[in-house]
1. Hey, among the residues in the stretch 188-240 that are assigned to a helix (DSSP H, G or I) and among the polar types (S, T, N, Q), which one's farthest from the chain's Cα centre (by Cα)?
2. Could you grab the pairs with beta carbons closer than 6 Å, sequence gap of 6+ or different chains, first residue in the stretch 117-129 and closer than 20 Å to R71 by Cα, second one among the hydrophobic types (A, V, I, L, M, F, W, C)?
3. From A300, A261, grab the single residue that is surrounded by 15 or more Cβ atoms within 10 Å (Cβ to Cβ), modelled with pLDDT under 70 and closer than 30 Å to A212 by Cα.
4. Select, from A185, A237, A230, A173, the only residue that is surrounded by 17 or more Cβ atoms within 10 Å (Cβ to Cβ), out of contact with any strand residue (DSSP E or B) (no Cβ under 6 Å at 6 or more places or on another chain) and at pLDDT 85 or above.
5. Collect the residues in the stretch 305-330 that are within 25 Å of L287 (Cβ to Cβ) and either crowded, with 17+ Cβ neighbours inside 10 Å or at pLDDT 75 or above (or both), keeping them in residue-number order.
Amino acid sequence: EGEHARRLAQRQEAERRSAARTSHREALARERAALLAELEEARGADASVAERVARLERQAGLLARTAEAVRDAQAAARRLKEADAHLADAAYRAGFDTPEAAADAVLSADRRREAQRRLEEWRTEEAAVAAELADARLAAAAQEPPADLAAARAAADAATRALRDASAADAAARTRCQDLDGLSAQAVEDARRLAPLREEYDRVARLATLAAGTSADNERRMRLEAYVLAARLEQVAAAASARLGHMSSGRYTLVHSDARAGGRGRSGLGLHVIDAWTGRERDTATLSGGETFFASLSLALGLADVVTDEAGGVRLDTLFIDEGFGSLDEQTLDEVLDVLDSLRERDRTVGIVSHVADLRQRIPARLEVVKGREGSAVRHRAATAALG
């Protein structure tokens, strides 16, 4: 039963842990679904949040470079115009009709070639800038309001942090799912190992309830020890019946009864008497006080006989009887004393503990307990008449 209680507690604890882990796993699944939805929203039309961030950064870089190029081109055009005006004015003041004429007059061939090279480079750069400005996307971007680089950078940083947090949460959720899968597998394995133990427990529990007399298979509701003692009680009842028959002048016989007891009572160790006057068997509770004393004395003597037989012939030479004589009439008392006298004649010592006055004249030797102010005292007295 203790093993059953421990196994049941372990099983309930395993069921509780399994239910808690199942609930935790469902909560993690819901959290993972929410994180995936948030990740999908952050990703947009791109394959991943990282790709979207990279694309936005590239576009922001292109817009910044384009705006810088436009500003440079405008500044260069403005400087060129101012330079042309200054050059024309300076050539006019110097007496030349055109700046080229002034340059031919002033610059050497090497310097002119250098100026020509720089002019070509400028024209090439101007053509490249013009081609870049001719791009329809750049023209459309130029029509848009200026980009808020700080806000874009903050948004990109926030998206990066959200992606990092979502990735960490997803990794943690995957780890927990793996742990839950492992625990679920372990729980299944534990349940499989528990099945043979449960079968063994059921078998032991059936044997225990059968031995305890509480099983439905135990028709007489007899305990195992009662079943074992029933055989010994039959021997005691048979030995006691010989004594009781003599005490009751052959009227009563003790028999063992294994009839099922009513209510919550146990069966297997009942005693009935067979009344030779009526020919019926009845419960010992229906005996009178004197008859009950006869039956108790007979059972004590029968038990002594059975113990003597089982002990290899070792005799129980001393028997003490405590009270019970006050409920006997004179004839019954004489019959009891005859039986006790017969035991004494067989070298057995019989001690009687009683306050019945009639026994004082029938007991050859006795010890009397006398009460006094300073306590009780024991006195040895010899009777004037012999027993019987």
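1. For the stretch 188-240, the residue satisfying everything is Q235.
2. What qualifies is V129/A73.
3. After ruling out the rest, the residue left standing is A261.
4. Going through A185, A237, A230, A173 in turn, the sole match is A173.
5. Once the filter is applied, which keeps residues that are within 25 Å of L287 (Cβ to Cβ) and either crowded, with 17+ Cβ neighbours inside 10 Å or at pLDDT 75 or above (or both), the stretch 305-330 yields D305, V306, V307, L319, F320, I321, G324, F325, L328.
The values are calculated or read from the model by the stated rules, or taken from the named source; none is laboratory data. Here the structure is a predicted model, which is why all the values come from computation and not from measurement. Reconstructed Cβ throughout: ideal geometry from the backbone, glycine too, with neighbour counts over all protein chains shown.
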